[in-house]
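Each remark here refers to the structure printed beneath this line.
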Amino acid sequence: NRRIVLQSRPDGAPTPENFRLETETLPEVPDGSVLLRTVYLSMDPYMRGRMSDAPSYAPPVGLDAVMVGGTVCRVEQSKSDAFNVGDWVLGYSGWQDYCVSDGQGLVPLGNELDRPSWALGVLGMPGFTAYMGLLDIGQPQPGETVVMAAATGAVGSVVGQVAKIKGCRVVGVAGGSEKCRVGTDEFGFDACIDHHAGDFADQLAAACPDGIDVYYENVGGKVFDAVLPLLNTCARIPVCGLVAHYNDTELPEGPDRLSLLMQTILVRRLTMKGFIIYQDYGDRYEEFLETMQPWVQQGRVRYREDVVQGLENAPEAFIGMLEGGNFGKLVVQVGDE
Ligand code: NDP
């Protein structure tokens with residue numbers, strides 16, 4: 001069994017040296033358990049948090065332990081009544097080829113799946129995150145303006161498309177002209193602004209002539225700085241992620257803007273609310289799937305994936321994702337379907 005373990009904790013941006021690819025002999029499969037073969041491994045920004053031992057909402061990965069991660073697997077051997085050989089399951093078996101599981105936490109996906117990897121994206125955790133954060137915290141109303149960054153990524157692309165379904169004006173923010181083109185042409189956003197542009201803040205203001213009613217926060221940094229003056233009275237800000245800061249080792253340079261933020265929250269009566277998807281909304285997963293599945297089948301929500309081949313390429317793909325190297329939901333294909 002090939003597996004990638006955490007060799008050392010990063011200081012700032014992760015490097016390939018923080019990971020180690022090793023090979024181990026697989027344990028016997030005990031009665032009641034199954035052997036899973038990883039086919040797709042999800043790459044998600046939260047994994048950066050697990051590499052650090054700073055306090056968070058989930059414990060860190062131990063040194064020399066397998067990197068955690070959502071996976072879509074085939075059941076390779078079964079000594080359990082609940083699973084048959086060949087079944088697809090959604091698991092959390094991490095960065096490795098195989099895993100022995102007692103079945104706890106596995107979600108059966110049947111044995112006929114058109115797009116197995118989609119269970120890691122639009123029909124899985126990131127899609128669920130987009131859906132709940134936008135609808136429950138964002139409360140988008142028809143005609144309102146919704147802005148989100150990482151707009152072609154797993155979460156952002158779903159946020160924008162669901163906001164369109166809800167009748168909003170949608171302005172995405174993405175890194176580079178090709179991502180912005182896909183934002184408007186494929187995902188149907190009204191505008192998509194490149195945050196690398198020198199006049200990014202002016203372009204964003206021009207694309208939001210009526211201000212911003214919902215800002216779905218995925219990144220922080222300079223995108224938030226450009227958004228803050230455009231927020232309307234009673235705007236809602238689901239705080240989903242801050243990927244621009246995950247590699248920070250200290251507070252950003254420049255003047256302290258906390259008082260500006262607090263004053264804006266007060267006078268514009270803003271609602272900012274952080275959420276952790278399964279902790280806050282775990283009991284609403286079925287509702288999400290029942291709504292999202294038809295939207296995806298009908299083509300009302302489109303999905304873009306960035307598939308990297310080979311477990312050994314996971315560290316590089318992950319490091320790149322934190323800097324915008326991915327174009328769509330990033331997954332690693334670890335084995336054949
Ligand atoms: P993405 O597929 O969107 O990948 C991350 C993207 O972030 C990059 O592609 C890049 O896009 C963008 N980015 C990186 N650095 C910067 C920067 N400095 N400024 C602006 N954009 C940047 O990842 P996901 O869709 O999986 O995740 C999106 C967010 O949602 C993350 O913050 C993640 O942590 C969060 N999340 C939160 C959950 C929760 O429960 N709260 C659950 C799941 C995800 P580009 O090139 O377009 O800038």
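Some points to look at:
- When only the Cβ of Lys, Arg, Asp and Glu is charged (+1, +1, -1, -1), the dipole of the chain relative to its Cα centre reaches about 800 debye.
- Positive-end ranking of Leu106, Pro315, Gln263 along the dipole of the chain, with charges on Cβ about the Cα centre, is headed by Gln263.
- A Gaussian network model of the chain, with springs between Cα atoms under 10 Å, assigns the largest mean-square fluctuation among Gly133, Gly105, Gly325 to Gly105.
- Neighbour-count ranking [beta-carbon atoms within 10 angstrom, fewest first] of Thr25, Thr249, Thr291, Thr145: Thr25, Thr249, Thr291, Thr145
- Applying a 4.7 Å Cβ-Cβ cutoff to the chain leaves Cys73, Cys99, Cys168, Cys208, Cys234, Cys240 as cysteine residues with no disulfide-compatible partner.
- Burial ordering of Met272, Met262, Met125, fewest other beta-carbon atoms within 10 Å first: Met262, Met272, Met125
Read the figures in this text as sums done on the coordinates, not as results from a lab. Nothing here was measured: the structure is a model prediction, and the numbers come from that model. For neighbour counting, all protein chains shown are included, and Cβ atoms are generated from backbone atoms with ideal geometry for every residue, glycine included.
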